[in-house]
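Participant: Below you will find the structure I want to go over with you.
Nothing in this text is a laboratory measurement; each read-out follows from the coordinates by a stated rule. The structure displayed is predicted, hence computed values, not measured ones. Glycine gets a Cβ as well: all are built from the backbone with ideal geometry, and neighbour counts include every protein chain shown.
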């Protein structure tokens, strides 16, 4: 095929490009910049969230000319690796949540912080989020991250982000996590 993409009608080319388009926004608060600089090792709490597929499934049925089924389709996804990978890319040592430790509340309890500090862990990262596909063309994700120091328990940093794909890609939460963590100053290895 000579000419490749140049021969495609403009509408078809835009449709191809739209499949990988993102709409991303976020905000960040650095609560304790002086204390954040000394953090290298971060314990990452489990990141699980609901993903609502209802709109996508109903849209598929409608497009096939069928009546969509009643009820909702919501899965609980576990994606801690998204946070760990993004932290590592920023130069931090992202550590899995220690076995036997309960999932922390916000802020993490003093006893938990002391045990983690004793293990050489400088901070705890907590994540909350949700995602949904309202149709075949649009999926959205929202994430809220907070970083708490193990010494004294102060909030060091907080980031929030939203992301959307114009066509289902399955990576809208990854885009939201990366956007939220883009505002976290780089760790020692990332400088």
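Participant: Pop a pseudo-label 7 angstrom from the Cα along the beta-carbon direction at both residue 89 and residue 25 and give the gap in nm to one decimal.
Facilitator: Inter-label distance under the simple model: 2.2 nm.
Participant: Using only the alpha carbons of the stretch 78-174, what is the convex hull's orientation-averaged projected area in square nanometres?
Facilitator: 6.7
Participant: Same structure, new question: Mean-square fluctuation check for the chain, GNM, Cα pairs under 10 Å: which of 162, 115, 142 is largest?
Facilitator: 115
Participant: Separate question: On C-alpha positions alone, give me the angle between the axis of helix 172-182 and the longest principal axis of the chain, in degrees, nearest 10.
Facilitator: Between helix and principal axis, roughly 40 degrees.
Participant: Which whole-number value in Å³ per residue fits the convex hull of the alpha carbons of the chain?
Facilitator: With only Cα atoms used, the chain gives 155 Å³ per residue.
Participant: Still on this structure, please answer the following. Springs between alpha-carbon atoms under 10 Å, Gaussian network over the chain: tell me which of 77, 87, 166 tops the mean-square fluctuations.
Facilitator: For the chain, modelled as a Gaussian network with Cα springs under 10 Å, the answer is 77.
Participant: Compute the angle between helix 80-89 and the longest alpha-carbon principal axis of the chain, please, reported from 0 to 90 degrees and rounded to the nearest 10.
Facilitator: Helix 80-89 sits at roughly 70 degrees to that axis.
Participant: Nearest 500 deg cm²/dmol is fine: what mean residue ellipticity at 222 nm does the chain get from its DSSP H runs of n ≥ 4 alone, each adding -39,500 (n - 2.57), divided by its residue count?
Facilitator: Theoretical 222 nm ellipticity from helices: -8000 deg cm²/dmol.
Participant: Sticking with this one: How far apart, in nm, are the 7 Å Cα→Cβ label points at residue 54 and residue 155?
Facilitator: 3.1
Participant: Compute a Gaussian network model of the chain, connecting alpha carbons closer than 10 Å, and tell me which residue from 75, 52, 171 fluctuates the most.
Facilitator: Fluctuation is largest for 75.
Participant: How large is the Rg to Rh ratio of the stretch 124-181 when both quantities use alpha carbon positions and Rh follows Kirkwood?
Facilitator: 1.13
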